[in-house]
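See structure below.
The values are calculated or read from the model by the stated rules, or taken from the named source; none is laboratory data. Owing to the predicted nature of the structure, the values given are computational and were not obtained by experimental measurement. Here Cβ is always computed from backbone atoms with ideal geometry, including for glycine, and neighbour counts include all displayed protein chains.
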Amino acid sequence: MTATNKQSHPKGLWVLFGTEMWERFNFYGMRALLTLFIVNALMISKEDSSIIYGGFLGLCYLTPMLGGFISDRFLGNRNCIMLGGLLMAIGQMLLFTSASIFETNLELAKTILYVALGVLIFGNGFFKPNISSMVGSLYPKAEKNKLDTAFTIFYMGINVGAFLGQLICPLIGDVVVDGVRNIQAFKWGFLAAGVAMLLGTLTFFLLKNKYVVTPDGKAIGGLPSGHNADDYEEGESQKAQFSNLSIGIAVAVLSLLIYVFHNFLGQNWIYSTIYSAGITLAGLILSDKSLNKIERDRILVIYIVSFFVIFFWAAFEQAGSSLTFIADYQTDRNFFGWNMPPSMVQIFNGVFVVLFAVPFSLLWDKLRANGKEPISPAKQAIGLMLIALSYFIIAHNVKDLGNSGLLSVHWLILLYLIQTWGELCLSPIGLSLVGKLAPKRFASLLFGVFFMSSASGYALAGTLGSILPATGEQFKACSEAGFDLKAVLDKTVVPTAEQIKFMVDNKISDHYPSFAGFTLHNLFEFFMVFVVLCGVASLLLFMLVPRLKKMMHGIQ
Ligand code: GLN
């Protein structure tokens with residue numbers, strides 16, 4: 001039996017922490033190697049590899065909706081976590097196979113890659129919403145106020161795993177000796193990821209019955225039909241009641257929306273599916289007849305917050321694309337005498353989460369003890385404000401760099417520090433908010449909706465990343481080829497046919513990118529896009545806080 005006293009957290013939290021830690025090791029470790037493997041071993045172009053990578057990430061955060069649905073209706077959290085964990089381990093073993101045979105049979109290796117990614121996408125979909133919703137279920141109603149702290153601790157598990165995965169998998173899988181990459185090494189990175197996932201699944205399998213239980217010892221996360229009536233508030237329904245008609249309408253609306261996003265708003269099929277699925281699922285849940293007014297209000301709060309955090313993830317996920325390009329081409333990466341590899345700069349995010357997760361959870365505890373803790377949506381608005389601030393600082397630092405100056409890596413590290421503070425105000429708090437507000441019978445499904453805002457954020461990040469203006473190395477390449485790229489972009493000279501060919505061959509655009517009707521001339525303006533988007537989102541969310549507070553009906 002696991003007791004929770006006033007201060008301590010149930011032991012089950014540490015089981016979920018360990019399980020999620022290994023799972024995130026598996027996910028981020030593989031993620032660090034994926035595009036390198038695709039390009040260098042499977043000989044797929046960089047462009048196609050980014051499309052595969054973006055689509056894969058987006059779909060990983062789309063399937064939690066399915067995993068949540070199946071869990072809430074049929075299998076329960078525990079089964080879904082083990083199923084998801086095993087699927088992901090199989091996915092990694094398939095990647096290991098692909099990375100073992102590509103030299104003898106390239107086509108088969110490619111086919112296995114796609115199958116592996118598909119298996120990983122579904123595995124993640126089963127695993128992610130269910131482990132998150134179990135954290136919420138560990139706390140009885142009277143202790144739901146501990147959830148922000150609980151999720152912040154859980155979030156630390158996520159990032160210890162992410163950090164270790166991003167360190168160890170590249171170390172054994174991305175081996176470069178004397179400037180030559182050993183493409184046979186990738187398989188060891190994938191194998192390590194697979195082993196980590198097996199360890200996570202095993203941790204959960206062995207410890208769940210003993211520790212992942214309610215304060216009075218009842219199993220948490222069993223089959224949906226096994227819910228205990230005592231877990232419910234008075235008048236709360238225990239079963240979702242979607243009618244066949246509303247499911248039918250949802251499918252029709254989904255198809256229509258995908259069509260509209262693709263054909264009228266110019267989004268690719270994957271992005272269109274992500275946006276449309278989010279909207280449709282949100283509508284479907286609200287159509288459930290068993291919902292009462294309070295539940296409906298609380299679910300609406302989840303939706304409103306999910307909408308605003310899309311902008312956070314769109315800005316945050318520049319880490320893997322535009323910020324890494326800047327780290328690569330326009331940054332002096334001298335870090336106390338060591339020239340840091342560009343792909344490693346983003347590891348500071350994981351490092352800072354691990355360093356600051358506990359101080360943040362102590363801060364919330366202290367503020368709560370003094371009755372000064374901001375309510376969750378206010379914390380999220382602070383998170384959005386912090387990410388806007390991080391881009392504001394970087395924008396002002398790149399302002400005077402000109403077209404060829406180098407940004408000191410210390411500024412990028414400061415950017416990751418502030419972004420991580422923002423993330424800690426927003427991401428674990430968002431998980432906790434869903435844990436507190438979701439009616440139990442929809443908990444995993446609503447986590448699915450919440451993760452869909454990450455998927456939408458990643459899709460938007462892809463679109464926004466592609467409006468990165470020319471960076472230093474492109475100006476340099478043109479000047480070495482004997483012409484001034486700035487003059488071409490400013491349209492003060494007309495490039496010759498030879499210069500146009502040079503630009504096409506080197507994938508250099510001959511015009512400035514534009515966003516929402518504004519032309520972006522330089523990195524300063526590019527970064528200001530994120531300042532404005534996240535700053536406005538933050539202010540609007542702050543303005544909505546009093547209203548949201550009412551709609552939360554007593555939950556903080
Ligand atoms: N970094 C966190 C994780 O991996 C959050 C990701 C997200 O929700 N976008 O779980």
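Does G189 meet the test of being farther than 23 Å from F25 by Cα and either at pLDDT 85 or above or not hydroxyl-bearing (S, T, Y) (or both)? Criteria not met by G189. Just one of the listed residues (A89, A109) is within 24 Å of I270 (Cα to Cα) and touching a Ser or Thr at 6+ places or on another chain (Cβ under 7 Å), and it is A109.
May I ask you to list the residues in region 540-556 that are over 26 Å from E143 (Cα atoms) and without any contact (Cβ under 8 Å) to a residue 24 or more places away in the chain? Correct list: M543 only. Restricting I394, I382 to those that are under 15 Å from V531 (Cβ atoms), hydrophobic (A, V, I, L, M, F, W, C) and more than 16 Å from the ligand (Cβ to nearest atom) reduces the list to I394.
Is it the case, given these coordinates, that V529 is modelled with pLDDT of 90 or more and crowded, with 17+ Cβ neighbours inside 10 Å?
Details: modelled with pLDDT of 90 or more: yes; crowded, with 17+ Cβ neighbours inside 10 Å: yes.
The answer is yes for V529.
Tallying residues that are surrounded by fewer than 15 Cβ atoms within 10 Å (Cβ to Cβ) and of a type in the set (A, V, I, L, M) within region 107-118 yields 1.
Has region 157-170 got at least one residue that is in contact (Cβ under 8 Å) with a residue 60 or more places away in the chain, under 22 Å from G221 (Cα atoms) and either away from the ligand (no atom under 14 Å from the Cβ) or not hydroxyl-bearing (S, T, Y) (or both)? So far as region 157-170 goes, yes, one or more of its residues are in contact (Cβ under 8 Å) with a residue 60 or more places away in the chain, under 22 Å from G221 (Cα atoms) and either away from the ligand (no atom under 14 Å from the Cβ) or not hydroxyl-bearing (S, T, Y) (or both). Taking region 344-369 as the range and being closer than 20 Å to G554 by Cβ and without any contact (Cβ under 8 Å) to a residue 12 or more places away in the chain as the test, the residues that pass are L367, A369. As an exercise: evaluate G125 against (1) farther than 29 Å from G217 by Cβ; (2) surrounded by fewer than 24 Cβ atoms within 10 Å (Cβ to Cβ); (3) within 16 Å of the ligand (Cβ to nearest atom) and give the number of the one condition it does not meet. G125 satisfies every listed condition except (2).
Name the residues in region 177-201 that are without any contact (Cβ under 8 Å) to a residue 40 or more places away in the chain and either among the charged types (D, E, K, R) or at positive phi (or both), would you? Result: D178, G179. All of (1) part of a helix (DSSP H, G or I); (2) surrounded by fewer than 18 Cβ atoms within 10 Å (Cβ to Cβ) hold for M43 with one exception: (1). Take the residues in region 387-417 that are part of a loop (DSSP other than H, G, I, E, B) and not small (G, A, S); name whichever of them is surrounded by the most Cβ atoms within 10 Å (Cβ to Cβ). Only one residue tops the list, namely N403. Quick check on my filter: what residues within region 338-356 are in contact with a strand residue (DSSP E or B) (Cβ under 8 Å, 6 or more places away or on another chain) and in a helix (DSSP H, G or I)? Once the filter is applied, which keeps residues that are in contact with a strand residue (DSSP E or B) (Cβ under 8 Å, 6 or more places away or on another chain) and in a helix (DSSP H, G or I), region 338-356 yields only P342. Selection of region 27-45 for residues being hydroxyl-bearing (S, T, Y) and over 21 Å from A162 (Cβ atoms) yields only S45. N339 passes every criterion in (1) surrounded by fewer than 19 Cβ atoms within 10 Å (Cβ to Cβ); (2) within 22 Å of I429 (Cα to Cα); (3) more than 16 Å from the ligand (Cβ to nearest atom) apart from (2). Is it fair to say V176 is surrounded by fewer than 16 Cβ atoms within 10 Å (Cβ to Cβ) and either in contact with a Ser or Thr (Cβ under 6 Å, 6 or more places away or on another chain) or not small (G, A, S) (or both)? Yes, satisfied. Filtered by the rule that a residue be within 16 Å of the ligand (Cβ to nearest atom) and either among the charged types (D, E, K, R) or under 24 Å from K187 (Cα atoms) (or both), region 145-156 gives a lone residue, D148.
When region 6-35 is filtered for residues that are among the charged types (D, E, K, R) and either modelled with pLDDT of 90 or more or within 22 Å of I90 (Cα to Cα) (or both), the ones remaining, listed by number, are K11, E20, E23, R24, R31.
Within region 357-376, not a single residue is modelled with pLDDT of 90 or more, more than 30 Å from P140 (Cα to Cα) and in a helix (DSSP H, G or I). In region 323-330 there is at least one residue matching the filter, namely being modelled with pLDDT under 85, out of contact with any helix residue (DSSP H, G or I) (no Cβ under 6 Å at 6 or more places or on another chain) and within 16 Å of the ligand (Cβ to nearest atom).
As for region 82-97, it holds no residue that is under 16 Å from the mean Cα position of the chain (by Cα) and within 15 Å of the ligand (Cβ to nearest atom).
Please work out which residue is nearest to the ligand (Cβ to nearest atom), limiting yourself to region 280-293 and to residues that are out of contact with any Gly (no Cβ under 9 Å at 6 or more places or on another chain) and in a helix (DSSP H, G or I). Filtering first and then ranking leaves A282. Region 450-509 holds helices (runs of 4 or more DSSP H) entirely within its bounds, and those carrying 3 or more residues that are surrounded by fewer than 18 Cβ atoms within 10 Å (Cβ to Cβ), away from the ligand (no atom under 16 Å from the Cβ) and of a type in the set (A, V, I, L, M) map to 497-505.
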